[in-house]
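Just below is one structure, and these are the notes that go with it.
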Amino acid sequence: GENVEQHPSTLSVQEGDSAVIKCTYSDSASNYFPWYKQELGKGPQLIIDIRSNVGEKKDQRIAVTLNKTAKHFSLHITETQPEDSAVYFCAAPMAAGNKLTFGGGTRVLVKP
Amino acid sequence: GAGVSQTPSNKVTEKGKYVELRCDPISGHTALYWYRQSLGQGPEFLIYFQGTGAADDSGLPNDRFFAVRPEGSVSTLKIQRTERGDSAMYLCASSLQRVRSGNEQFFGPGTRLTVL
């Protein structure tokens, strides 16, 4: 089945700086890669996703890049703000196609 | 429109008791998923419904866990003879179609289950 590795597990940045989280996946047939943000006591919220037919996607301060050859994808947050503090998860579909395998999460702390 | 809702938000029970957790998916979403999330970890897949049928229940840990979706909308996750190790956040998600086709999966707020 799919295996998703996520790094780093924690990330502390100064407000205004950029944050980058990286994930690798094992199933070369995976074609959809979402990123979720989870705040304390809440369910994961989809913030951006990318499909395998593009290499990069941007939505305001958030961008995701995909390298299918290397089987890795990254989340980039620019001009970080305190409200960006949360746990972020990457995910990829398992080989059977009907469920997501999640990375271990990255706890991001933006210091004012 | 309304997102995925889950009830109760918190459930405390005693070891050996039976519990039911409810999920209301986004209207019109045919695919429904249950995940379990332990503290400090990512969600782990339990079961997937396409319509009324459980298309994939390979993530259920044992036969104490069961889920139904009788009318293709609301789903109930049932846990018999609860154990302390069942304590976790139980998350429900729905999508328009199966996620492999690139359909976004939207999560509910979860039910925090604590087994004493």
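Figures for the structure shown
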quantity	calculated
Nitroxide proxy distance, nm - points 7 Å out along Cα→Cβ at A:ARG51 and B:ARG22	3.6
Within 10 Å of each Cβ in B:107-113, the average number of Cβ atoms from other chains	3
Loop-located chymotrypsin sites (Phe, Trp or Tyr not before Pro) in segment B:1-67 whose Cβ has at most 12 other Cβ within 10 Å (DSSP)	B:TYR18
Added length on full extension, which subtracts the Cα-Cα distance from 0.36 nm per residue, B:GLU14 to B:SER38	6.8 nm
Qualifying GluC sites (Glu not before Pro) in segment B:28-116, DSSP loop, other Cβ atoms within 10 Å at most 16	B:GLU71, B:GLU83, B:GLU104
A:THR10-A:ARG61 pseudo-label distance in nm [points 7 Å out on the Cα-to-Cβ vector]	2.2
Loop GluC sites (Glu not before Pro), segment A:49-112, which have at most 14 other Cβ atoms in a 10 Å radius of their Cβ (DSSP)	A:GLU79
A:LYS71 paired with B:ARG112, simple spin-label distance in nm, labels 7 Å along Cα-to-beta-carbon	3.7
Whichever lysines have a C-alpha closer than 16 Å to that of B:LYS17, once near sequence neighbours (fewer than 8 apart) are set aside	B:LYS78
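Taken together, the values in this text are just the output of simple stated rules run on the coordinates, not laboratory data. It should be emphasised that the depicted structure is a prediction, and the values quoted were computed from it without experimental measurement. Glycine also receives a Cβ, built like all others from the backbone with ideal geometry; neighbour counts cover every protein chain displayed.
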